[in-house]
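Engineer: Before I ask anything, let me first share the structure, which is written out below as structure tokens.
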Amino acid sequence: MATLKEKGVIPETREQALDMMNTYFTCRTVETQRSMKNSKPVFELIGHYYYQSFAAQLGQSSVVASEIQENINSIPAHYALIRGASRQYNIPWAVDVSPWMDGYITDYSKSKFWGPASAAGGNGGHSLSLFKRSWYTSYMSGANHLIAEAGGVNLFFENTTKDGVLALSPLGDIATEFHQLSTMIENNGHRGIAYAPIAFILPHAHGFGLSLVQEIPTLWNKFLLSDENKVAWNMLQTLWPGSWFIKSRGAGAESNYMVAGPYGDIFDILVEDNFTKTLNKYRVALLAGDITVTDEVANDLIPWVQAGGTLVMFSSQIQSSAQVTDNLIGGVIAGNVSKVLVNVVDTETSWERN
């Protein structure tokens, strides 16, 4: 099947790119349901790109999911993205933990199920340490489903035990330990709800993904970043520093897959479309990129702000009238300058700014 690019169909804007992807996704969804004679929504899974919310917007997905590990950057950012999509569109979220890395896959079998690509953990595929951390952090971050990709092979050796079942591989031992712990928690109460009080809002049709880490960052693998979206990209790198440019081989190859962000894992990533309907789940909203705050959006934000919500935005995003804006931020807009009426006091050092 020829790609759209091969057919000469090339988007001219980010909005056109999103429309094209939505058309393709809807077409494949309808065809899948027709061939399976099943009208139920689909399980939507993406790895390198942050497009999960786009599918959820269409109302055709029963689960929003992300692949992690493989050669995919910033595991914590993927948690924030799919958990945010889950909360914004009220559907479960899932994580697929990939055993692939740089063309090799974790496989302890002698028959080499994947041929030359098969290799024992650490020599090929990912380390046991990263598998363990990925499973546990997925669970504690609130994932509703966890997929141990290729687990039917790499959780086992080929020999059988005295009970006639396949012997567990080292990865299978970790899976057993994880299952026992998660089952004990669920049987004795609940793991709790992941605390993520800050909503990081990306623009409509943002196109963020793998092409951001190219020598010249782009959106949708095509469009150069505007100044506003450069700021959004820099903000994401600040939240999870060092996790966006991973190495697949050599010393410390896995060290950047999962980083401890300086502010903690307290962020969910949402998208601009109707984001105000979800803010009752958050204490802070950070508007990133070329989001537009119109009168309609501002009027939706005012009650949330007046009830104690904290809104962080840039003057370039404000497209609402002066009267509505004053009610939103408590300041006066003159051109690109805003006067914010607030005192800042550091209680530890007594430093103060009026």
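The values are calculated or read from the model by the stated rules, or taken from the named source; none is laboratory data. This one's a predicted model, so the numbers in the text were calculated from it and none came from an experiment. Here the Cβ is made from the backbone with ideal geometry for all residues, glycine too, and neighbour counts use every protein chain on show. Each accessible area value is taken on the protein alone, full model and side chains, heavy atoms only, with ligands, DNA and RNA left out. Shrake-Rupley method; radii C 1.70, N 1.55, O 1.52, S 1.80 Å.
Engineer: Over region 89-155, average the accessible area per residue using a 1.4 Å probe and give it in Å², no decimals. Mind showing how you got there, number by number?
Structural biologist: On the way: 2760 Å² over 67 residues.
Heavy-atom accessible area per residue stands at 41 Å².
Engineer: Lys/Arg Cβ at +1, Asp/Glu Cβ at -1, dipole of region 37-161 taken about the Cα centre: which of Ser134, Thr106, Ile82 is farthest positive-ward?
Structural biologist: Ile82
Engineer: If you don't mind, there's one more thing I want to ask. Take peptides 265-278, 299-312, 223-236 and line them up by average Cβ neighbours within 10 Å, highest first, as a rough protection proxy.
Structural biologist: Values: 265-278: 20.4, 299-312: 14.7, 223-236: 16.5.
Result, highest mean first: 265-278, 223-236, 299-312.
Engineer: Checking understanding here: applying a Kyte-Doolittle mean of at least -0.5 and a length along the axis of at least 20 Å (C-alpha), which whole DSSP H helices in the chain pass? Walk me through the numbers on the way to the answer.
Structural biologist: On the way: long enough: 14-36 (33 Å, -0.81); 75-89 (21 Å, -0.19); 170-187 (26 Å, -0.10).
TM-like helix candidates: 75-89, 170-187.
Engineer: Now for a different question. Net charge near Tyr139, counting Lys/Arg +1 and Asp/Glu -1 over other residues with Cβ under 15 Å of its Cβ? Present the calculation step by step, with values, prior to reporting the outcome.
Structural biologist: Values: positive: Arg83, Lys132, Arg133, Arg191; negative: Asp96, Glu177, Glu186, Asp265.
Around Tyr139, the surrounding residues sum to 0.
Engineer: Tell me the carbon and sulfur percent of the accessible area for region 52-176, rounded to whole percent, probe radius 1.4 Å.
Structural biologist: 56
Engineer: Another question, then. In a Gaussian network model over the chain where Cα atoms closer than 10 Å are linked, find which of Ala65, Ala253, Ala55 has the largest mean-square fluctuation.
Structural biologist: Ala253
Engineer: Sequence gap of 8 or more, or different chains, plus Cα separation below 25 Å: how many lysine pairs satisfy both in the chain?
Structural biologist: 11
Engineer: At 7 Å along Cα-to-Cβ for each site, give me the label-to-label distance between Ile266 and Val231 in nm.
Structural biologist: Spacing of the two 7 Å Cα→Cβ label points: 2.2 nm.
Engineer: How much length is gained on full extension from Lys247 to Val9, taking 0.36 nm per residue of separation minus their Cα-Cα distance?
Structural biologist: On the way: separation 238, 0.36 × 238 = 85.68 nm, distance 3.38 nm.
Additional length available on full extension: 82.3 nm.
Engineer: Excluding Phe54 itself, calculate the net charge of residues whose Cβ lies under 11 Å from the Cβ of Phe54, where each Lys or Arg counts +1 and each Asp or Glu counts -1. Before the final figure, lay out the partial values.
Structural biologist: Working: positive: none; negative: Asp19, Glu44, Asp273.
Computed value for this residue: -3.
Engineer: Rg and Dmax of region 4-138, using alpha carbons, in Å: what are they?
Structural biologist: Calculated on Cα positions, Rg and Dmax stand at 17.5, 51 Å.
Engineer: Amide H of Val63 versus every other amide H placed in the peptide plane: which residues, excluding those fewer than 5 positions away on the same chain, fall under 5 Å?
Structural biologist: Distant-sequence amide H within range of Val63: Glu44.
Engineer: Now a separate question. Under a Cβ-Cβ cut-off of 12 Å, what is the net charge of the residues other than Ile105 that fall near it, where Lys and Arg count +1 and Asp and Glu count -1?
Structural biologist: So the surrounding residues net to -3.
Engineer: Counting only residues 5 or more places away or on other chains, whose amide H sits under 5 Å from the amide H of Tyr104 once H atoms are built in the peptide plane?
Structural biologist: Gly125
Engineer: Same structure, new question: Nearest 500 deg cm²/dmol is fine: what mean residue ellipticity at 222 nm does the chain get from its DSSP H runs of n ≥ 4 alone, each adding -39,500 (n - 2.57), divided by its residue count? Let's see the in-between values first.
Structural biologist: Details: 9 runs with 112 residues, N = 354.
When only DSSP H runs of four or more count, the value is -10000 deg cm²/dmol.
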